[in-house]
Amino acid sequence: MSLTVLMNAGPWLSVPPPGYGGIENVIATLVPELRRLGVRVVLASVGESTLPVDELVSVFPDGQFGALQRPYNQVCGVAQAHLAGVVRELRARDDIDLVHDHVEAVGLATLTAMGPDGPPALHTLHWDLAKHPALYGNLDGGDRVRVNGVSASQLARAPGALRDHSVGHVHLSTPLAVGAERRSRPEKGEHVVVLGRINPGKGQDLGARLARQVGFPLVLAGPVGPYHRPEDLAAAGAEARQNPDVRFFHDEVAPYLDGELVRWVGTVAGRERDDLLAGARAALFPLRWEEPGGTAVVEALALGTPVVATARGCLPELVEHGRTGLLTTDEEELGELVLAAGLLDPDECRREAAARFTPAVMAERYLALYERVRHLTPTADLQPA
Ligand code: UDP
């Protein structure tokens, strides 16, 4: 008998997502591998999701992401309506062995509120766990609701009540890691890339300052708030400054941009993103926050690009200092490390990614956690999976 999992992707974006969509991308890479391992997947998502699954259940026909721009009192029913649909589904059928939930805060609260009648549930924490202190600090999921992190360091900083529900962590993956060790060596340029949302935590201001100080070409790639292209940001009026990331860009990053040595190219996608990253001397992560999962880190390694970063959050778990990258706790040292990164072997990075960060590795790890959660649930019907 096979295991049936209800994968709760939430109401915000379709799976796979049309553009940027971290969590929906994780689900889109996880589900095919789980199905390959024999798991039946019932996807709870919006109707327009196209990911092949055994069954799709939805409340909303299309992604509700745009609603997040509206005031709280107009938005707060969206995730609840989706979760109410999930609960209706769970109550109406008896074939769901486990719920794998990805919906921030509301998913965890709703599954917990179902009490002992609900199925075993695993809620993946994709974000910074300093958020939602009242929810996490008082969590009581009984024997049924468990959580997992995306890195050990993320969980280590979690409130005690949340940690008590943890069954461990699963590192993120990338399809780029599949066969990475067999790909031919990319032509390396001189440039360095910072790939990610322009945001104080991601530290593009620090990267840009060091590039100007030390003198290495730097490409900043990623959106500024909702703006994906420099011309869109330039055309936006003064009200764009209401967005804190737009303010950060204008006040802290833009002064270092000169269009030559230091450039912001907006969001890059697909082949363009991969070529930019693969051809870089290093992928720089001048972090000022504890990076919880770091998809862009594993993508850089998969493309044979050493990682230079502040040793924060998950970075020491993903990158081996001196072999696949260079890490430091002293942010002023990052500039010198960028210069030294050319000595590292791109093949080591690609081998590491192929061994540790493929979707298949991630799916095997999740399957083991599903079994663990079911065995920890006294009332679960433990037929052999
Ligand atoms: N990304 C992209 N184009 C960009 C900037 C970022 O495709 O111009 C992608 C990047 O490749 C990665 C994701 O956005 O897949 C960012 O995920 P990560 O976990 O690194 O950071 P988050 O934004 O989730 O904190």
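The values are calculated or read from the model by the stated rules, or taken from the named source; none is laboratory data. Just so it is clear, the model here is predicted, and its values are computed rather than measured. Cβ: placed from backbone, ideal geometry, glycine included. Neighbour counts: every protein chain shown. Keep in mind that these areas ignore ligands, DNA and RNA; they rest on the heavy atoms of the full protein, side chains included. Shrake-Rupley method; radii C 1.70, N 1.55, O 1.52, S 1.80 Å.
Can you give me the distance in nm between label points at Tyr72 and Lys188, each placed 7 Å from the Cα along the Cα-to-Cβ direction?
Each label point lies 7 Å from its Cα, and together they span 4.9 nm.
Only helical DSSP H runs with n ≥ 4 go in: add -39500 (n - 2.57) per run for the chain, normalise by residue count and round the 222 nm mean residue ellipticity to 500 deg cm²/dmol.
So the calculated ellipticity at 222 nm is -10000 deg cm²/dmol.
Helix 359-376 against the longest principal axis of the chain: what's the angle in degrees, Cα atoms only, rounded to the nearest 10?
40
For the chain, find the longest principal axis of its Cα atoms and tell me its angle to the long axis of helix 72-92, 0 to 90°, nearest 10.
Helix 72-92 sits roughly 50 degrees off the main axis of the chain.
Show me 24-33, 134-143, 290-299, 80-89 ranked by packing, highest mean number of other Cβ atoms within 10 Å first.
Averaged packing, sorted descending, gives the order 290-299, 24-33, 80-89, 134-143.
What FRET efficiency would be calculated for the residue pair Glu336, Arg372, taking the C-beta separation as r and a Förster radius of 51 Å, to the nearest 0.05? Walk me through the intermediate numbers first.
Values: r = 44 Å, r/R0 = 0.86.
Calculated value: 0.70.
Send over a whole-number figure in Å² for the accessible area per residue of the chain, probe 1.4 Å.
Result: 42 Å² of accessible area for each residue.
Can you tell me the orientation of helix 22-36 relative to the chain, as the angle in degrees between its alpha-carbon axis and the longest Cα principal axis, to the nearest 10?
Helix 22-36 and the main axis of the chain meet at about 60 degrees.
Please report Rg over Rh for the chain, where both radii come from the alpha carbon positions and Rh follows the Kirkwood definition.
Dividing the radius of gyration by the Kirkwood radius yields 0.98.
Rank by packing, highest mean first: peptides 184-192, 236-244, 318-326, with packing defined as the count of other Cβ atoms within 10 Å averaged across residues.
On the way: 184-192: 13.8, 236-244: 11.7, 318-326: 20.4.
The packing order, highest mean first, is 318-326, 184-192, 236-244.
Tell me, what % of the accessible area of the chain is carbon and sulfur with a 1.4 angstrom probe?
Of all accessible area on the chain, carbon and sulfur atoms account for 51 percent.
Among DSSP beta bridges lying fully in the chain, give the percent that are antiparallel, nearest 5.
Expressed as a percentage, antiparallel bridges in the chain total about 0.
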